[in-house]
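Enquirer: Just passing along the structure, written as structure tokens.
Just so it is clear, none of the values below were taken in a lab; they were calculated from the coordinates. From a predicted model like this one, the values you see are computed outputs, not experimental measurements. Neighbour counts run over all protein chains shown; Cβ positions are idealised from the backbone, glycine included.
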């Protein structure tokens, strides 16, 4: 058990001691990991008054260089689940005796002392995707059904009621929480990473594309997770069903790593090897490069069966690139006029949407124009300010 402590500045009196569970910072390429890192960075940028105590299982390089009122502790654990439950029993946590404990994941530790408990729920993947209505509408892959999903609504109700403040990232998630957990959650929208907000020059796009074997506006891109609900295989099949003229002109760039990325590579090395030249795989790459590749794409494709927010779709909008995306409530909410929506289970709809974007320049230009302003309201600075209000209210 180790801790890195920077002495507090004597000129800035602390008014609250806020402990944050940053366990998911060790997974910086996933949605919750990205949320954790960006929120903490923005709290650090605007709040010089309160003291923050960041706990994680391993030290994240993405949280280096925090200011004097931030203190970083690592608490070893076998896995993230045991870390979430047990980090607050560490000697450091008990000595700090924080006023507020913020869990950036839907979990409740065994011990929290006298701290007010703030829980952020990003989504309700298991109960929603295991629900009968989702299965009957073919909006949930059968492979996502689990006993854990069927039971999680019951266990989640008890966990949620232990929070002094329950926060979620969209109105869609708030409705799901009310339906499946029977409690209300305040909506504080996620922000967008600064790399996706900053303008990109043509030279920057050209250079980055060249490094990855791509040419600006001559490729589609998928970026995001590679879990079952992300629907990567349906997108892959939709691409393979395109007319040869489209596939010969555009490449398909797949960013990120995971099970389905490996499965696609295996298919392209075997029976689909004649198609291999149409695909570019980047692996996990820095946001600085990913944001430029997103901006250089002709369009992005995001086919998830369920999201609480949907970072990749929103980030595509932020860089002014049309997104062919699943017609699901959260994506309708965050980008109502800047996406081309398709049924996530219908491969043919993805294929038709790609063809339409390639052939209908009026539609393409309209979506591109709408995209640039659609996500301008998602600000990490604003999110951090609202969280500080939540902390203050929980202390009172």
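Enquirer: Sort 87, 281 so that the residue with the fewest other Cβ atoms within 10 Å of its own Cβ comes first and the one with the most comes last.
Expert: If I rank by nearby Cβ atoms, fewest first, I get 281, 87.
Enquirer: Quick check: pseudo-label points 7 Å beyond the Cα along Cα→Cβ at residue 343 and residue 286, how many nm apart are they?
Expert: Rounded to a tenth, the inter-label distance reads 4.4 nm.
Enquirer: Further question: Please identify, among 371, 64, 326, the residue showing maximal mean-square fluctuation in a Gaussian network model of the chain using a 10 angstrom Cα cutoff.
Expert: The residue that fluctuates most here is 64.
Enquirer: In addition: Binning at 10 Å from 0, report for the chain what percent of all alpha-carbon pair distances ends up in each bin.
Expert: 5, 22, 31, 24, 14, 4, 0
Enquirer: For a Förster distance of 25 Å, can you work out the FRET efficiency between the beta-carbons of residue 86 and residue 157, rounded to the nearest 0.05?
Expert: The computed FRET efficiency comes out at 0.65.
Enquirer: Right, another one. Assuming R0 = 41 Å, what is the FRET efficiency of residue 78 and residue 272, from their Cβ-Cβ distance, to the nearest 0.05?
Expert: 0.55
Enquirer: Give the Debye-formula value of log10 I(q)/I(0) at each listed q (0.13 Å⁻¹), with one equal scatterer per alpha carbon of segment 240-348, two decimals each.
Expert: Debye intensities relative to I(0), on a log10 scale: -0.54.
Enquirer: Okay, helix-only estimate at 222 nm for the chain: each DSSP H run of n ≥ 4 adds -39500 (n - 2.57), divide by all residues, round to 500 deg cm²/dmol; what do you get?
Expert: The helix-only estimate for the chain comes to -12500 deg cm²/dmol at 222 nm.
Enquirer: Moving to a separate point now. Note down the nm distance, to one decimal, between modelled labels 7 Å out along Cα→Cβ at residue 363 and at residue 198.
Expert: The two pseudo-label positions are separated by 3.5 nm.
Enquirer: Still on this structure, please answer the following. Using Cα pairs under 8 angstrom and six or more residues apart, how large is the relative contact order of segment 194-374, in percent? Walk me through the intermediate numbers first.
Expert: On the way: 320 pairs, mean separation 44.5, N = 181.
In percent, rounded to a whole number, it is 25.
Enquirer: Taking the Cβ of each residue in 46, 125 as the centre, tally the other Cβ atoms inside 10 Å and list the residues starting with the fewest.
Expert: Lowest to highest Cβ neighbour count: 46, 125.
Enquirer: While we're here: Mind pulling the angle between the C-alpha long axis of helix 380-395 and the longest principal axis of the chain? Nearest 10 degrees, somewhere in 0 to 90.
Expert: It works out to around 30 degrees.
Enquirer: I would also like to ask the following. Relative contact order for the chain: what is it in percent, counting Cα pairs under 8 Å that are at least 6 residues apart?
Expert: 15
Enquirer: How tilted is helix 202-211 with respect to the longest principal axis of the chain? Cα atoms for both, answer in degrees (0 to 90, nearest 10).
Expert: 80
Enquirer: Now for a different question. Relative to the longest principal axis of the C-alpha atoms of the chain, give the angle of the C-alpha long axis of helix 171-181, reported between 0 and 90° and rounded to the nearest 10°.
Expert: Tilt of helix 171-181: around 60 degrees.
Enquirer: Quick one: work out the % antiparallel among DSSP beta bridges in segment 194-374, nearest 5. Could the numbers behind the result be given before it?
Expert: Values: 1 of 18 bridges.
Counting only bridges with both partners in segment 194-374, antiparallel ones make up about 5 percent.
Enquirer: Now, a different point. Mind jotting down the three principal axis lengths of segment 303-396 based on Cα atoms? Whole angstrom, largest first.
Expert: Result for segment 303-396: principal-axis Cα extents of 57, 27, 15 Å.
Enquirer: Looking only at the chain, where both bridge partners belong to it, what percent of the DSSP beta bridges are antiparallel (to the nearest 5)?
Expert: 10
Enquirer: Starting from the Cα of residue 68, step 7 Å along the direction of its Cβ; do the same at residue 373; then give the gap between the two resulting points in nm.
Expert: 4.4
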